[in-house]
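Input: a single structure, listed below in structure tokens.
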């Protein structure tokens, strides 16, 4: 009888500790969660920009490169931006040199290239890293479920798109080869307006 009582008490203690650990882990996860609006970035001209200025807008965050087979997507991104900006959608371009050294230029060279060749007017930001040991905290947030609360979405290549809703929550990550002209992509954006 004494052994059964000890076993019962031991099981109670074990399950109590497990429940407390689970509760602590959930609290720690929610404490680590931050909002997309908490990030301050440098634009392509070196000015500090709070992503909080895009509150209430649907954001399309895309890592871009000037010397990639997907670089012509700049045309579609610009047209999409022009078509949807009055509806509350903004495209944010983040140059990154993580894939095949396809964005080797300086910020001023990238800006000149995008303006001259593609007429880009959507907000462009300073070059950052979107993967690896030096991944920027914004992309840590976008790619890690423990931070964004939605899913793990490692960046696979240039022109991967992250969709943020009007409340600042990550909704989806879209493959680099899927363009903003894709009917499913447009339907998703329409559903967020």
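Laboratory data are not the source of any read-out in this text; all were calculated from the coordinates shown. The structure presented is a predicted model; accordingly, all values stated were derived computationally and were not measured. So basically every Cβ, Gly included, is an ideal-geometry build from the backbone, and we count neighbours across all protein chains shown.
Overview of values
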quantity: Full-stretch length increase - residue 108, residue 85 - with 0.36 nm per residue and alpha-carbon distance subtracted; calculated: 5.8 nm
quantity: Label-point gap, in nm, between residue 45 and residue 101 - each point 7 angstrom along Cα→Cβ; calculated: 3.2
quantity: Centroid-to-centroid separation of segment 112-184 and segment 37-79 [C-alpha atoms, Å]; calculated: 8
quantity: For segment 68-193, diffusion coefficient by Stokes-Einstein and Kirkwood Rh (Cα), 4 °C, 1.567 mPa s, µm²/s; calculated: 85
quantity: Gained length - residue 129 relative to residue 184, 0.36 nm times residue gap less alpha-carbon distance; calculated: 17.0 nm
quantity: Residue 150/residue 117 FRET efficiency (R0 25 Å; Cβ-Cβ; nearest 0.05); calculated: 0.15
quantity: Length-normalised contact order for segment 55-193 - Cα pairs under 8 Å, 6+ apart - percent; calculated: 31
quantity: Per-pair calculated FRET efficiency, R0 = 30 Å: residue 165 and residue 67 via Cβ, rounded to 0.05; calculated: 0.40
